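S.K.: The structure's right below; bear with me while I get my questions together.
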Amino acid sequence: MVKLLVGHKGSGKTKQMINLANDMVDTCHGSLVFINKNARLTFDLKYQIRVVCMEDFPHITNSDEYIGFIYGIISSDHDIDTMFIDGILKHADVSLGNLPVFIERLKKISEMFDLDFIVSLSAEMEEMIGVDFDGCEILN
C-alpha cells in the first residue's frame, strides 16, 4: 500500500515519518528503508533502518531512473517491509505534474513485492491534480 503524508513545508511530516520508522523497528518482520535527500536524518533513525541519501546518487535525474533505483533497492533485499520516501518532490524531477504516474507506479511495485511505501509530499491535497487516491492511505 502507498501511504501519504501531505501538507505544506514545515508541517511536521519528516518528524512524523521518523517516528513511524523508529516505532516500526520492533514490530515489522522485514527490513525498513528510509530514502532522504541528504544525510541529515541518519542519526535520528534507529541503526536497524537502512538510510539511503539521494545526494550520493547525483545521476538519478528523472522519475524513470528513480523508479529503477527503487527496483534496485528491492532486488538487493527481498525482505523489505516498508520503504519511506521523505520529500519526494525534492528528488530527481518528480513534480506535481508527473506525480499521478509516479504514485501509480509505486502502487504497482507495492502490490508486486508486497511492501508498503510511506511517502511525504510538500503539497496540499488540492494541488495533487490527477492523483488517484484509491489504494492510498492518507496518514495525516
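The values are calculated or read from the model by the stated rules, or taken from the named source; none is laboratory data. Note that the structure is predicted; figures quoted are calculated from it, not measured. We place every Cβ from the backbone using ideal geometry, glycine too, and count neighbours over all the protein chains shown. In case anyone asks, the SASA skips ligands and DNA or RNA and just uses the protein heavy atoms, side chains included. Shrake-Rupley method; radii C 1.70, N 1.55, O 1.52, S 1.80 Å.
S.K.: Which one of Thr27, Thr61, Thr82 is buried (at least 16 other Cβ atoms within 10 Å of the Cβ) and β-branched (Val, Ile, Thr)?
M.R.: On the way: Thr27 fails: buried (at least 16 other Cβ atoms within 10 Å of the Cβ); Thr61 fails: buried (at least 16 other Cβ atoms within 10 Å of the Cβ).
One residue alone meets the criteria, Thr82.
S.K.: Considering only segment 96-110, state which residues are open to solvent by less than 50 Å² (accessible area, probe 1.4 Å) and either of a type outside the set (A, V, I, L, M, F, W, C) or in contact (Cβ under 8 Å) with a residue 40 or more places away in the chain (or both).
M.R.: Residues satisfying the conditions are Asn98, Pro100, Ile103, Leu106, Lys107, Ile109, Ser110.
S.K.: Here are some conditions: (1) within 12 Å of the chain's Cα centre (by Cα); (2) at positive phi. Ile118 meets all but one. Which one does it not meet?
M.R.: (2)
S.K.: OK, next. List the residue pairs whose Cβ atoms are under 7 Å apart, where the first residue sits in segment 82-94 and is under 16 Å from Ala39 (Cβ atoms), the second is part of a loop (DSSP other than H, G, I, E, B), and the two are 6 or more positions apart or on different chains.
M.R.: Gly87/Lys37; Lys90/Lys37; His91/Lys37
S.K.: Let me ask something else. Are any of the residues in segment 86-107 acidic (Asp, Glu) and out of contact with any helix residue (DSSP H, G or I) (no Cβ under 9 Å at 6 or more places or on another chain)?
M.R.: There is at least one residue in segment 86-107 that is acidic (Asp, Glu) and out of contact with any helix residue (DSSP H, G or I) (no Cβ under 9 Å at 6 or more places or on another chain).
S.K.: Kindly check whether there is at least one residue in segment 33-44 that is in a loop (DSSP other than H, G, I, E, B), touching a strand residue (DSSP E or B) at 6+ places or on another chain (Cβ under 6 Å) and free of Cβ contacts under 8 Å to residues at least 12 places away in the same chain.
M.R.: The answer is yes; a qualifying residue exists.
S.K.: List the residue pairs whose Cβ atoms are under 7 Å apart, where the first residue sits in segment 3-19 and is assigned to a helix (DSSP H, G or I), the second is crowded, with 20+ Cβ neighbours inside 10 Å and of a type in the set (Asp, Glu), and the two are 6 or more positions apart or on different chains.
M.R.: What qualifies is Thr14/Asp86; Met17/Asp86.
S.K.: Of the residues that sit in segment 57-81 and are assigned to a helix (DSSP H, G or I) and without any contact (Cβ under 8 Å) to a residue 12 or more places away in the chain, which one is nearest to Glu104 (Cα to Cα)?
M.R.: My answer is Asp64.
S.K.: Given the conditions (1) at pLDDT 90 or above; (2) under 24 Å from Thr61 (Cα atoms), which single one is not true for Arg40?
M.R.: All conditions are met except number (1).
Per-residue answers, yes or no, for (1) among the β-branched types (Val, Ile, Thr); (2) touching a Pro at 6+ places or on another chain (Cβ under 7 Å); (3) within 19 Å of Leu4 (Cα to Cα):
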position	(1), (2), (3)
Glu55	no, no, no
Ile74	yes, no, no
Val94	yes, no, yes
Leu99	no, no, yes
Glu104	no, no, yes
